[in-house]
Amino acid sequence: MNKYLSIAPEIREALAADKPIVALESTILSHGMPYPENLEFSHKVEEIVREEGAIPATTAIIDGKLCVGLTSEQLKIMCKAENVGKVSRRDVATYVATGMVGATTVATTMMLAELAGIRFFATGGIGGVHRGAETTMDISADLQELANTQVAVICAGAKSLLDIGLTLEYLETMGVPVIGLETDDFPAFYCRKSGFEVDFNASNEATAAKIMKTKWELGLKGGAVIANPIPAEYELDFDEMNAVIERAIESAKKDGIRGKATTPYLLAHIKDYTEGVSLTSNLQLAYHNARKAARIAVEYTKL
């Protein structure tokens, strides 16, 4: 086993027994929510995965190790977020070498999941091509990771603050399948529809699992986006959210925010502008994705 990889005993046993496992990121804990609400969320999302018959594997970088499956104390460290960095693929070696504590993004969680042998990962929404990227070149590393890493990401589509059309064009160019879970429409995080279509509508979790098994058995590189719309009762109005996002983007420009600080900044301002309603929706879509990811992982092990 990779000397830098630390897999929790429960995850090791589950891997050896070919049990369903769902990877979970830690950036949402360290950089997406305040303490102690994030700690409550971390326990709840892991509980949902277990209720559906799978094992949760939250990831992080702690004490020079790529950790897959966190103890209660490690979860608390990530949630208190004291000197916890946001780590994408480019930062991994630095954090491991120096012993710094890092929260894993979508890209890094995929990387750690693949190293451990985990095929499915639940998150809120993937990163992608930012609005104005034709001049800023601000494109998330998540997209390259999806093209090269053998992990399927179950999410509520792409974050609605992105240019969703360009994000989908990029994924098509890189050969990444975009599979809708019981939907023809690609969801836009807070909203069930973005105005764009998915590549294929999987009518159930078993179909999604079968597509992934076939893809990997064919030797096709990379993962997939399995797009799972936010539950209808928590959906926000598309036009209203777009106006809020544009306002947040203008604020970021004025404050000189760029790079990996952009998304946390925008999400925090969107929360403020919607008086906290967006945070409730964010939590509910994350729980929904965890539930569906666990079901897909269970179906995959049956195959």
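Tabulated data
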quantity	calculated
Arg131 being among the basic types (Lys, Arg) and modelled with pLDDT under 95	yes
Residue count for the range 16-34, restricted to those that are within 21 Å of the chain's Cα centre (by Cα), more than 16 Å from Gln74 (Cα to Cα) and among the hydrophobic types (A, V, I, L, M, F, W, C)	3
Near pairs, Cβ below 6 angstrom, 6+ apart or cross-chain, from the range 77-103 (on the phi > 0 side of the Ramachandran plot) to any residue that is part of a helix (DSSP H, G or I)	Ala81/Ser30
Residue match in the range 145-156 (condition: farther than 20 Å from Thr58 by Cα and in a helix (DSSP H, G or I))	yes
Exclusive hit being out of contact with any Ser or Thr (no Cβ under 9 Å at 6 or more places or on another chain) and more than 24 Å from Glu172 (Cα to Cα), set Ala252, Ala243, Ala208, Ala224	Ala243
Within the range 159-201, tally of residues that are under 29 Å from Glu240 (Cα atoms) and either of a type in the set (Val, Ile, Thr) or surrounded by 19 or more Cβ atoms within 10 Å (Cβ to Cβ) (or both)	24
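The values are calculated or read from the model by the stated rules, or taken from the named source; none is laboratory data. A quick note: this is a predicted structure, and the numbers were derived from the prediction, not measured. Don't worry about glycine lacking a Cβ; one is built from the backbone with ideal geometry, like all the others, and counts go over all protein chains shown.
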